[in-house]
Structure formats: structure tokens, C-alpha cells
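The values are calculated or read from the model by the stated rules, or taken from the named source; none is laboratory data. Remember, it's a predicted structure, so these values are computed and weren't measured experimentally. Don't worry about glycine lacking a Cβ; one is built from the backbone with ideal geometry, like all the others, and counts go over all protein chains shown. SASA here: full protein model, heavy atoms, side chains in, ligands and nucleic acids out. Shrake-Rupley method; radii C 1.70, N 1.55, O 1.52, S 1.80 Å.
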Amino acid sequence: MKIVTWNINSVRARQERLLNWLDRNTPDVLCLQELKAPDEDFPPAAEEELDYYVETFGQKTYNGVAILARSPITDVVRGMGDGVDDPQSRLIAGTVGGIRVVCVYVPNGGEPDSDKWAYKLAWYARLRAWLERSCDPTQPLVLCGDFNVTPDDRDVARPEEWKDTVLCRSEARAALQGVVDWGLVDTFRLRNDQPGVYSWWDYRMLGFAKDNGLRIDMVYATRPLAERLTDVFVDRDERKGQRPSDHVPVGAIFS
DNA sequence: ATGGTTGCTTAGCAA
């Protein structure tokens, strides 16, 4: 069971890349973030030619998440349904092959101490509450997505340069940890305790050419599922070539 | 402090 997360940064701009990547890699589940398009703009070829089931929670211009799977997706939920007035499409969940799959695009947070920063921290608190209310840490579940936080300095190529940013500062890491403490394991760190593996490089300032990367895209699993982990991967090559996303696919394989 | 790039939408925002 191969489960992958990928912030595609516009499903329209990346349509050819998405379809080619799916065709070559055939994940059982693919969680996408930053569709930047309404549901009707999702490429029908994923369903019609590549035989994926597709559930989207799109939004015009910004955000937007989706789950693709090779087997049916049931019990689909869009948004946290917590009564907060929030028009941003950032969470979709569904069940595939007995595994609850939660796909999130966590707010970036803009600049420290901005309104967007407050929204990010509040969103993390809402996610923790939603997990407590809607999910079960003793059952197989993955929480996949762009978390817009590095868990620790091993996940940052240049920690001094990034330490005060919304992706690295301690309040952000504490907010992420609050979600992890619900009952999740970072699958990548089960298999690799070394620094130097990243999932995002800024388009600006030659971020990828200088390997000025951060690991902010993760596949978290509950403990009963993490026990079935057989491998993890980060598809760094997907950052190369013509018009890449600024993020690459990150995956985990379970027996 | 600012810059640099990309995408959506068409001058400015978000990342």
C-alpha cells in the first residue's frame, strides 16, 4: 500500500506532470494540496484514463485539496465542520482499503505575528480538536500533507537562515507537535534519522540550485499502521525539469 | 529590510 502526499501548486499548471507521475508511480493513494482551482477544473484524465477514484475539495485561486485512490474512497469529509467560519479548502478525508486518509494543506502563516500567523496556529489547534472528535488513534490512519512546519533542524538545510520564519520558529513546531501527540508517527523518521532530505525549495533565490530546502511535507501514521511501514521515499527528481512544483512527492509504503 | 520566482488573475496577493 503506497501512500503519497504532494503539494502540486496548481493542478492546471501541473496537469501533465501529475498525469505522467501517476502513470509512472501508480500510488494506491495520492493526497494533493494547493489545487488552486475549483472542483470542475480537476483533470478528468486521472479518472477516465488512469482509473483513479478522485475526491476533491477545491477552491478558486487558492488552497484546494484532493484524494486520489486506485480503490473506492468512502466516508468522504470536506473541511473540519467545527462551526468556524472558514472559506479555505484545506482538509479532505476519506477511507481507502480500511485506512482512514486525511489530506491537509496547513496555512503557511505569512509573516511572524501577522493575522495569517494567528490563523495558522488556530488552524493547528482546530486540527487537533478535529482529530480527537472525528478519528481514532488506535485504528489505521494516515495524516498526509503540507504542514508548513519543519519538525526540527535536521529538516532545514540552513537553520540559522530560517529559524525565525513561520516554517521553523518554536511556536510552529509546538503546534505541529500538538497534532502529533494525538497519536501519530512521522513515517520518514522511522526509516531515516539523518539531516539533508527536503520536500520544498523556494522558487526564489535559486532555492533548489543551492539545495536550500526544508522538509515540510509529511506522511504521519497512527501506531497500528506505522507497525506495517516497509519503506519511505522523497521524489527529489520531481523538482527538476520544466515547470516543477516547488514541492516534491513524499511517500510511505505499508504492508 | 529587501530581494528573488511562480501562479492566478490581470495589479496585486499568496507562497
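Quick notes
- Choice from A:Thr165, A:Thr95, A:Thr187 with maximal GNM fluctuation in chain A (Cα, 10 Å cutoff): A:Thr165
- Net length available on complete extension from A:Ala122 to A:Ala13 is 36.2 nm, with 0.36 nm assigned per residue and the Cα-Cα distance removed.
- Amide N proximity, the stretch A:90-121 versus A:Ala174 label position 7 Å along Cα-to-Cβ, cut-off under 13 Å: A:121
- Checking Cβ-Cβ separations below 4.7 Å across chain A identifies A:Cys135, A:Cys168 as cysteines lacking any candidate disulfide partner.
- Relative to the 2.2 N^0.38 Å rule of thumb, the stretch A:1-87 has a C-alpha radius of gyration ratio of 1.07.
- Globularity ratio of the stretch A:2-254, using Cα Rg and 2.2 N^0.38 Å: 0.93
- The shape of the stretch A:123-255 can be summarised by an equivalent ellipsoid whose semi-axes, obtained from the alpha carbon gyration tensor, come to 26, 18, 12 Å from longest to shortest.
- Length added when fully stretched, A:Glu160-A:Leu206, from 0.36 nm per residue minus Cα-Cα: 14.8 nm
- The stretch A:11-159 - share of DSSP beta bridges that are antiparallel (%, nearest 5): 75 percent
- Per residue, in Å², the accessible surface of chain A once ligands and nucleic acids are set aside, probe 1.4 Å: 44 Å²
- Spin-label model distance (nm) - A:Ser134 vs A:Ser71, 7 Å beyond Cα toward Cβ: 2.3 nm
- By DSSP, the beta bridges lying fully in chain A are antiparallel in about 80 percent of cases.
- The stretch A:2-254 - percent of accessible surface contributed by carbon and sulfur, probe 1.4 Å: 47 percent
- GNM result for chain A, Cα springs below 10 Å: residue of A:Cys103, A:Cys135, A:Cys31 fluctuating most strongly: A:Cys135
- Note: relative contact order over the stretch A:123-255, using C-alpha pairs below 8 Å and six or more positions apart, is 30 percent.
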